[in-house]
1. Under the condition of being in a strand (DSSP E or B) and over 16 Å from residue 205 (Cβ atoms), which residue from region 135-155 is nearest to the chain's Cα centre (by Cα)?
2. Taking the stated definitions as given, is residue 8 touching a helix residue (DSSP H, G or I) at 6+ places or on another chain (Cβ under 6 Å) and at pLDDT below 95?
3. Does region 156-167 contain any residue that is assigned to a helix (DSSP H, G or I), without any contact (Cβ under 8 Å) to a residue 40 or more places away in the chain, out of contact with any helix residue (DSSP H, G or I) (no Cβ under 6 Å at 6 or more places or on another chain) and surrounded by 20 or more Cβ atoms within 10 Å (Cβ to Cβ)?
4. From 203, 178, which residue is in contact (Cβ under 8 Å) with a residue 60 or more places away in the chain and outside any strand (DSSP E or B)?
5. State yes or no: is residue 72 at pLDDT below 95 and not in a helix (DSSP H, G or I)?
6. Just one of 119, 110 is at pLDDT 95 or above, crowded, with 19+ Cβ neighbours inside 10 Å and in a strand (DSSP E or B); which is it?
7. Would region 70-86 turn up any residue that is farther than 25 Å from residue 198 by Cα, touching a residue at least 40 places away in the same chain (Cβ under 8 Å) and surrounded by fewer than 23 Cβ atoms within 10 Å (Cβ to Cβ)?
C-alpha cells in the first residue's frame, strides 16, 4: 500500500482515498492494481525497499518465516529473497494485488486477509513481520498490531512504518503504549520521521518502528 499527500494528483490514488468502506477500498485497489507499481515508483515511493534496512539489521535470514503484512503487489518480496530470507509469506485484502505478488514467484504463501480482523495463522507462526505504507489514512487500524503480535513468536520482531499525521489521531500512540505496558513487546528502535517518496510529496512523512515481541 502507499502513502498520499494532496501534492500530487492521481486519479487512481484519489479513488483509493475517497473510499468510504472496505468494499470501496478493495474496488479502488482492484482498478489500480495493473498500474500501481509504475505509478508509485515514478513518484519515488521507497518504503518497500527502505524497510528492508531494519529487517536486515535485526532479523537473521534463517530465523524462520517472515510475514509481509499488507504486501500489495509484492515489491518487497524479491529483495527479501535476495537477502536470504525465507520462507516469505504475504497477506493483503486485495486479491488483484495478491495475484500480482504471486507472479513475482518469491512468496511461499499468500493469503487474502484484512488487517484489523483475526488473521488466518496460528499463534507464534512468524519470526518477524514487516508492514510499510499500510498504517496510513483510511487504511489498516492501529488495533491490527495486537493481532500481528499474536502470530509472531516470542523473540521475533515487528518492523513497520506509521504515517506521522495519524500517529496520535489514529490511535497508534495508545495501542503501542498499551502493548508495551502489557509486556507484549519492547521497543528496539524508532527512526526520526523521513520521506516516503524520494521524488514527490515531501510532506508525506513516516516513522519506522522496530519492536521485539515478548509473547
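The values are calculated or read from the model by the stated rules, or taken from the named source; none is laboratory data. The model shown is predicted, which means the values in this text are computed figures rather than measured ones. Here the Cβ positions follow ideal geometry from the backbone for every residue, glycine too, while neighbour counts run over all protein chains shown.
1. Taking the candidates together, the pick is 152.
2. Against the criterion (touching a helix residue (DSSP H, G or I) at 6+ places or on another chain (Cβ under 6 Å) and at pLDDT below 95), residue 8 does not qualify.
3. No, region 156-167 contains no residue that is assigned to a helix (DSSP H, G or I), without any contact (Cβ under 8 Å) to a residue 40 or more places away in the chain, out of contact with any helix residue (DSSP H, G or I) (no Cβ under 6 Å at 6 or more places or on another chain) and surrounded by 20 or more Cβ atoms within 10 Å (Cβ to Cβ).
4. 203
5. yes
6. Among 119, 110, only 110 is at pLDDT 95 or above, crowded, with 19+ Cβ neighbours inside 10 Å and in a strand (DSSP E or B).
7. no
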